[in-house]
Each structure stands twice: as C-alpha cells, then as structure tokens.
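Novice: Let me begin by handing over the structure; questions about it come next.
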Amino acid sequence: MNKAKILRMLKNSDGFVSGEIFCKELNISRQAIWKNINSLKKDGYDIESVKGKGYILRSDEGILGSAGITSLLEGKAIRYRIEYTESIDSTNKALIKKAYTTDAENMVLIADHQTSGLGRRGRSFYSPAKESIYMSILLRPKIDPGSVSCITLVAAMAVCKALKKSLNKSGYKEAAKRIGIKWPNDIWIGEKKLCGILTQMSCESDYITYVVTGIGINVNNKVFSDELKSIATSLFMETNQNFDRQSIIADILEAFAEYYDIFLADKSMKSLMVDYDDNLINKSKEVLVYGGLVEEIEPDSVRRGKARGIDIDGALLVDMYDTKKTERIIAGEVSIRNT
Ligand code: BTN
C-alpha cells in the first residue's frame, strides 16, 4: 500500500522528503505520489509541500485511519489488512457479514464510532466518537471449536501488553503496573474497566467458519455517564494525557500475532499461561463465582474461593471454600470480592 509507505517515510524523516526520493524508493510516478499525498491530507494529515524541497509531515495528532495504522505495523503484524470506517453499527457485526460473503481472513476493521456496539451477554457497548478504540479481527483458525475461547484470552494478553507499553513510554510507570486482566478477558486498571473483548464464532460440526474478536478500549474519554463512571475508566482519566490510538492498535496487533501463533502451535494456553497469570488481577485473590447472569442470580447462590490462575484450556482454577476442592471455572462470571 503506497499511501502507508509514503506516510511511514514522512514519519521517519526529520525533515523534508523529496519527490525524487519517494519515486526512487517506491518505484512510482510523481503524479502517483501527489495523489497519495492529497489523499493523506484528506484523511487529516497536516503535510506541507515546498517547491524544491518536497514534503514534510507537520502533525498527525488524533488521526485514525488505515494508512496510519498500516504504516506502523511491524513484525508478524504485517499480515493484517486494515480497513477503517468513520462510523458503523458494530465492527464485529460488519466483519461477520464479511466472513460470510468473502474468504477474507486476517482482516482488521477499525471504526472511530459505533452506533450499536455489542458487549458480552447481549449487552450494548458504549461507543462514542473520537476517543476510543473499536477494532475487530477476522480469523479462520484450524482448531477445535472448543478452544476458541482461548483466543479471547490471547487478545486480552495482547491488549494488556500494548497498554502497558504505551503507559511506560509516556512515563506512567505506576499506572502501567496497575493494569491487568480480569479473567477471562476484561482489562482493568485498579478497580475500573478499561477494555472489553467480545469473541464471536460460527462452526459446522468440528470445522470453524470464522472467528471475530472485537476489542473496545477507553483511551481518550474525558467523561462517562453517571451509570458508567463508577465502573469504567480511560487512559486519559488515569493520566490526564491523550494517547495515540493508532500506535496502540499497531502494538496490539503485533503482540496479538505473536501470541496467536504460539497458541495455534500448541492449540492451547500451554506456553502462554504463565504470562497470562502474571497479568491476572484475580490471581491469589478471593473471588465470587456466579453461576449464571450476574443480574439474575440469588445472592446466596454466589460461591467463594481463591483464584489460582488458568489451566491450559483457559479455565480459571479456583480453590472453592465450600467444597474444599479446586474447580475449573469455564462459564459464568468471576468478580473480585471487595475487602
Ligand atoms: C464487553 O466488555 O462486554 C465486550 C465489549 C466488546 C466491544 C467491542 S468494540 C469493537 C467490537 N465491536 C463490537 O460491537 N463489540 C466489540
């Protein structure tokens, strides 16, 4: 993608990049360069052009787009094809449609805004414009459908790694230390939720047609409704600083590709479980195990235990107080008891 390559060259240069250098490096005409530069300007990039000198990138703050993200992809993440749309009902829903109508895979759909973002258990996911990350990845793994739940855990590890990296890079080392995974796949900072992940799949007997993993992260959100503010937070709210969504997405994809390949090779969390547990905020904590939908259960059906960590299938191992046995928690929700 020439547009992404031009952007990468502009970003990596301290000064002007001449038309001649672009032509030589990319083997395209001056007219093609001019067209791509104009398209970048339309996306919001502040690019100055000076006769005899070439082009210089003055600012790319707050921009979200396919070229910007593609220009940042490194390592194993170059396998992903990035598509961007300003507003959509839900990136998960759109990729599921793509999955049925094309044979695309490793496609990543990113939106600046969702009009009906999906959460787990049929809930909706609050998706305002210009501040958060909404991204979905279309995969076609050749694994047992029973192992698909591990992909959500793999995504949680990738998000956790990328967010820690961003916070550390900006000097927020204490905030980075407070980030962790709430089993199975929420990312929390302290006592509040920063990110949710929703994996949806379709299969025919033991053959997986598609897996779509959607990730929603509160990045530069300044306010939440009264209902949300006691349970949700954003990177901005934790640091008073805006973060570059494009770099975070690129870092997530790089980490996701690495972890995903390890998971595919093992077809389990065998090689990843130590790393996962290192980031698990429930580990060694007292947890409440709910049998079904949290809202629907009777308070006395809640059971208590101490979480140990995950097993190779991604189940949470909990030493239950009532049965005095270690149980594998597969479905249901686990929440940390406030002490
Ligand atoms: C949850 O916490 O309940 C899961 C939330 C998942 C939200 C993401 S945002 C991108 C993708 N598109 C959706 O409609 N949902 C997921």
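Novice: Taking the residues in the range 95-130 that are of a type in the set (Asp, Glu) and surrounded by fewer than 21 Cβ atoms within 10 Å (Cβ to Cβ) as candidates, determine which candidate is nearest to the ligand (Cβ to nearest atom).
Specialist: Among those residues, the one meeting the criterion is Glu105.
Novice: Right, another one. Cβ-Cβ below 9 Å, separation at least six or inter-chain, first residue in the range 76-99 and in contact (Cβ under 8 Å) with a residue 40 or more places away in the chain, second surrounded by fewer than 22 Cβ atoms within 10 Å (Cβ to Cβ) and of a type in the set (Lys, Arg): which pairs?
Specialist: Correct list of pairs: Ala99/Arg140.
Novice: Now for a separate question. Take Val154 and decide whether it is of a type in the set (Val, Ile, Thr), more than 14 Å from the ligand (Cβ to nearest atom) and in contact with a Pro (Cβ under 9 Å, 6 or more places away or on another chain).
Specialist: no
Novice: Of (1) open to solvent by 10 Å² or more (accessible area, probe 1.4 Å); (2) in contact with a Phe, Trp or Tyr (Cβ under 6 Å, 6 or more places away or on another chain); (3) assigned to a helix (DSSP H, G or I), Ser202 satisfies all except one. Which?
Specialist: With respect to (1) open to solvent by 10 Å² or more (accessible area, probe 1.4 Å); (2) in contact with a Phe, Trp or Tyr (Cβ under 6 Å, 6 or more places away or on another chain); (3) assigned to a helix (DSSP H, G or I), Ser202 is out only on (3).
Novice: Residue pairs, Cβ under 7 Å, 6 or more apart or interchain, first in the range 310-337 and within 18 Å of Val154 (Cα to Cα), second modelled with pLDDT of 95 or more and small (Gly, Ala, Ser). List them.
Specialist: Between residues of the range 310-337 that are within 18 Å of Val154 (Cα to Cα) and residues that are modelled with pLDDT of 95 or more and small (Gly, Ala, Ser), the close pairs are Ile312/Ser268; Asp313/Ser268; Leu317/Gly309.
Novice: Continuing with this model, one more query. Please tell me if Ile249 is in contact with a strand residue (DSSP E or B) (Cβ under 8 Å, 6 or more places away or on another chain) and open to solvent by less than 20 Å² (accessible area, probe 1.4 Å).
Specialist: Here the answer is yes, as Ile249 does meet what is asked.
Novice: Test each condition in (1) within 14 Å of the ligand (Cβ to nearest atom); (2) assigned to a loop (DSSP other than H, G, I, E, B); (3) farther than 18 Å from Asp186 by Cα for Val211 and report the one that comes out false.
Specialist: The single condition Val211 does not satisfy is (2).
Novice: Let me ask another. Give the residues of the range 255-287 that are touching a Lys or Arg at 6+ places or on another chain (Cβ under 7 Å) and in a helix (DSSP H, G or I), sorted by residue number.
Specialist: Listed by number, the residues that qualify are Ala255, Ala257, Glu258, Asp261, Asp277.
Novice: Taking only the range 144-180 into account, find how many residues are part of a loop (DSSP other than H, G, I, E, B) and either under 22 Å from Ser230 (Cα atoms) or touching a helix residue (DSSP H, G or I) at 6+ places or on another chain (Cβ under 6 Å) (or both). Spell out the reasoning first.
Specialist: The initial filter retains those residues of the range 144-180 that are part of a loop (DSSP other than H, G, I, E, B), namely 144, 148, 170-172.
Subsequent filtering for residues that are either under 22 Å from Ser230 (Cα atoms) or touching a helix residue (DSSP H, G or I) at 6+ places or on another chain (Cβ under 6 Å) (or both) retains 172.
Number satisfying all stated conditions: 1.
Novice: So, one more: Just a yes or no: is a residue in the range 258-280 within 16 Å of the ligand (Cβ to nearest atom) and either within 29 Å of Tyr45 (Cα to Cα) or open to solvent by 10 Å² or more (accessible area, probe 1.4 Å) (or both)?
Specialist: Checking the range 258-280: not a single residue is within 16 Å of the ligand (Cβ to nearest atom) and either within 29 Å of Tyr45 (Cα to Cα) or open to solvent by 10 Å² or more (accessible area, probe 1.4 Å) (or both).
Novice: Of everything in the range 117-150, what is under 26 Å from Asp244 (Cβ atoms) and hydrophobic (A, V, I, L, M, F, W, C)? Give them in sequence order.
Specialist: If the condition is that a residue be under 26 Å from Asp244 (Cβ atoms) and hydrophobic (A, V, I, L, M, F, W, C), then Leu118, Phe125, Ala129, Ile133, Met135, Ile137, Leu138, Leu139 are the ones that fit.
Novice: Just checking, does the range 181-193 include any residue being more than 13 Å from the ligand (Cβ to nearest atom), farther than 19 Å from Ala232 by Cα and out of contact with any helix residue (DSSP H, G or I) (no Cβ under 8 Å at 6 or more places or on another chain)?
Specialist: No, the range 181-193 contains no residue that is more than 13 Å from the ligand (Cβ to nearest atom), farther than 19 Å from Ala232 by Cα and out of contact with any helix residue (DSSP H, G or I) (no Cβ under 8 Å at 6 or more places or on another chain).
Novice: In this structure, does Gly68 turn out to be small (Gly, Ala, Ser) and closer than 22 Å to Ile110 by Cα?
Specialist: yes
Novice: So, one more: Which numbered condition trips up Lys173, out of (1) touching a residue at least 60 places away in the same chain (Cβ under 8 Å); (2) surrounded by fewer than 21 Cβ atoms within 10 Å (Cβ to Cβ); (3) farther than 17 Å from Asn92 by Cα?
Specialist: Lys173 satisfies every listed condition except (1).
Condition check ((1) over 18 Å from Cys195 (Cα atoms); (2) in contact with a strand residue (DSSP E or B) (Cβ under 9 Å, 6 or more places away or on another chain); (3) among the hydrophobic types (A, V, I, L, M, F, W, C)) across all residues:
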| site | (1), (2), (3) |
| --- | --- |
| Asp60 | yes, yes, no |
| Ala67 | yes, yes, yes |
| Lys98 | yes, yes, no |
| Leu109 | no, yes, yes |
| Ser132 | no, yes, no |
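Novice: Within the range 1-63, considering only helices (runs of 4 or more DSSP H) that don't extend past its boundaries, which have at least 2 residues that are touching a residue at least 40 places away in the same chain (Cβ under 8 Å) and open to solvent by less than 50 Å² (accessible area, probe 1.4 Å)?
Specialist: The qualifying helices (runs of 4 or more DSSP H) are 2-12.
Novice: Also, I was wondering about something else. With (1) open to solvent by 20 Å² or more (accessible area, probe 1.4 Å); (2) among the polar types (S, T, N, Q); (3) in contact with a strand residue (DSSP E or B) (Cβ under 9 Å, 6 or more places away or on another chain); (4) more than 21 Å from Ala77 (Cβ to Cβ) as the list, and Thr233 as the residue in question, which single condition is left unmet?
Specialist: (1)
The values are calculated or read from the model by the stated rules, or taken from the named source; none is laboratory data. Since the model is a prediction, treat every value here as computed from it, not as a measurement. Note that we place each Cβ from the backbone using ideal geometry, even for glycine, and neighbour counts take in every protein chain shown. Accessible surface is based on the protein model in full, side chains and every heavy atom, while ligands, DNA and RNA are left aside. Shrake-Rupley method; radii C 1.70, N 1.55, O 1.52, S 1.80 Å.
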